[in-house]
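Since every read-out is calculated from the coordinates, none of them should be taken as a lab result. Just so it is clear, the model here is predicted, and its values are computed rather than measured. Using ideal geometry, Cβ is built from the backbone for each residue, glycine included, and neighbour counts are taken over all protein chains shown.
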Amino acid sequence: MEIIDRLKGLAMFNDELLRFHKTYMKIVESIRKSAFYTSNASEACLFVLSIDTTDRDKISENFVRDVPSLIGSLPQEIWNGGTNHLIFNLYHGTYPDYAAEHLGFDTGKAIVARASASSQNFRHGFDVSFPLFHKEHPIRNSIERSFALRDRDAILVSFKGKRYVYGIGSETRDSLHHLHNPERTPMLTTCRHNNDWQAHQDERCERDNEEYDKWDYEALMINSTFCLTPRGRRLGSFRFLESLRAGCIPVVLSDDWKLPFDEFIDWPAASVRIPEKNVLLVNDILSSFSRSTILHMKQRGRLLYHRYFASVEKITLATLELIWTRLRVNSPSPLSNSLLPFETKIEGTRPVVVVLSAGERLNSRLQKAIERMEKIEGMKEMIILWPKSRGSLPIGADFGLNGVEMRIVETEGENDIPLEKIRRMIGEKSELRGSAILFYSDRSSESEIEIHRLLQIFAQLPHTIVSTQGIEYSATGASHSTTFANVALLRTAVVHSGYLDSLRHKNSNNLLLCISPARVAKKSASFEWQTGTVDREVAEEAKPVVRFDVDVPGSQF
C-alpha cells in the first residue's frame, strides 16, 4: 500500500488548506516520511486529503470551515465519493449532543480513523478506532522519565478531572464523589470548565475545587494502581493514553466506546472495563485483582504504549499497517510473499510442529511447557532442543506425551536453535511439509490463550513470521535510501516451514532477521532472508529497541 496526500493539489483551491492545526501537521508529516508514502498518484492505492478534519466541533478555534465546498471544488476523479480515502478525526459534533455523525461534511466511502468511536455506528473492518491524544504529543519518540512498575501502590484507584454539572457526559463523573477516599481512592473533580460554569455550579463545587488544587495530576497517576477513564462530552478520554504512559491500569467507564486499535489489541489484558451503571461498584471490583495480575497488566500496558502510542508517528503508522493488513487478508488471490519461493493459502488448516527449547537447569519448567503444548490442536510432532549442559538425552516416554511423536535434538546451549537440522527433520516427512512451526521455550511466559492467539494470527497470515518479541531498526546507506528491518526472536514465534527451506545456515542464535519490502522506501529493492546476529555497526544506527505484541498485525514480518 502506498499513500499520497493532496497538499499541492488542494492548495490551489483555497489557501486555508495550508493552515493545519498542530496535530494534523504531525499526522501528515508522519505519513510523508513513512515507507508507505509516494509522491506519484498513479502508484497510490490510498489517499489522504490535506484538509484538516481532526477537529469538527463548530465552536472550536481549530474548526475548518467550508469543508464540503473545499471537497466539492476537487475534480471528481480525485475525491470520487471518498473511495480509497482515509480521513482522521479526533473531535466530532458540538454542544449539546456532540453527535458522532456530525462531522460537518459527507465522508462518503472514505475510511474514518476516529477517536471516541462508538460501537453503535462503527463500520467494523472498515473504519479505524483511533486514540485521542493531546496536541503536545511528540511526533516521534523522545527520552522520558521511566516509572517503576509495582504490583501494589499507595493508591488503589484515582481520578482527577472535570465534573460536568449539566449536559451529556455529566452523570458518570458526577457520581464519582461517592467513591472518594483521600487515602486509597481519591476522586478529585472540578466544576471549572467553560466560561459559564459558575452559573451552573452546585453545592459541592467550591469544596471540590479546593481539594482538586491540592493534588498533582502526574504524581497521582504514577502512585495509583488503577486510573479511572470515565467518558466526558464524548466517549474517549486523554486519560487512556496518559494512564498507560504512567504505568497505571486504565479503568474505562464509557459504554460503547471502541478502544483504540481494538481490532488487533487485546485490551482486557491491559485495561479494565466497567459498565457506567456499575460506577459505584468500582472499588469492590478493582480490589479483587491479584498482585500478579496487576503487574502483568501494567507490563502489557507499558508495552502497548511504547509500541503503538508513544508518538504521533507510531499512532499513524499503526493505522496504516492495520489498513495494509486488511488489504492483504482480504485479497481474492492466494497470499504470497515475493521474497519466498513458495505460496501459502489461507484456506484450511495445517499441521503444527512444536520446537521446544529446554533450559540448561534441571527443573519442572520443561514438563509444564510440554503439558501446555499438548493442548495445541493439530500438533503432529514435538522437537525438544536439549542443551548438552543439561545432561544425558532423555527419551520421549520420559515426558508422558501420548499420541504425538517426540524427537530430541542435542544443542550447544539453551539459545542454540539449529534451523538447518530442524529443516531436514521436517522435510523427511511429507505430511509435515507446509506445517506451522511453533518455536517455544520453557522460559517463555506466554499463557495458553496467548499461544492460541498467536496461532490464530498465523492461520490468517501464514506468509508472515508472527512473534511475541522482536526488535526493529532502520539504517540509511550511502544512497540515502532507508532500509527498515525486523528481527523476530524465536523465544515464542510461529513460522511457515517454507521459511526454513530458504535458510542455509546451521545456527540462528535465537533470531530471524528479515527485511520486508512493505517497509522499504525504494520499490525496486530486493532482499534475502537471513539468520544470525545483528551487525554491531548497523545496530548502533538503529532506532530504540521495540518489542512486538502477540495481538498485533504489526508484529508480522
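What residues qualify as long-range amide H neighbours of residue 226, i.e. H under 5 Å apart, gap of 5 or more or another chain, H built at 1.01 Å from N?
157, 158, 249
Could you work out the mean projected area of the convex hull around the alpha carbons of the stretch 27-92, in square nanometres to one decimal?
5.1 nm²
So, in nm, how far is label residue 280 from label residue 39 when the simple model puts each one 7 Å beyond its Cα toward the Cβ?
So the two model labels end up 6.4 nm from each other.
Net charge near residue 448, counting Lys/Arg +1 and Asp/Glu -1 over other residues with Cβ under 13 Å of its Cβ?
Its environment carries a net charge of -1.
First select every other residue whose beta carbon is under 9 angstrom from the beta carbon of residue 173; then total the charges, Lys and Arg +1, Asp and Glu -1.
That sum, taken over residues with Cβ under 9 Å, equals +1.
Work from the charge dipole of the stretch 153-287 (Cβ charges, +1 for Lys and Arg, -1 for Asp and Glu, about the Cα centre) and give the residue of 225, 179, 261 farthest towards its positive end.
The listed residue farthest towards the positive side: 261.
Hey, could you grab the Kirkwood Rh for the stretch 199-250? Inverse mean 1/r over distinct alpha carbon pairs, Å, one decimal.
After inverting the mean inverse Cα-Cα distance, the result is 12.5 Å.
Quick one: which of 207-220, 413-426, 108-121 comes out on top by average Cβ neighbours within 10 Å, and what's the full order, highest first?
Answer by packing, highest mean first, reads 108-121, 413-426, 207-220.
Taking the radius of gyration and the Kirkwood hydrodynamic radius from Cα positions alone, what is the Rg/Rh ratio for the stretch 266-307, to two decimal places?
1.03
Can you quote the Å³ per residue value for the convex hull of the Cα atoms in the stretch 360-468, rounded to an integer?
Convex hull volume per residue, Cα atoms: 115 Å³.
According to a simple spin-label model (label point 7 Å from Cα along Cα-to-Cβ), what is the distance in nm between residue 410 and residue 213?
Here the answer is 7.7 nm between the modelled labels.
How much length would be gained if the chain were fully extended between residue 192 and residue 238, taking 0.36 nm per residue of separation minus their Cα-Cα distance, in nm to one decimal?
Value of the extension gain: 14.8 nm.
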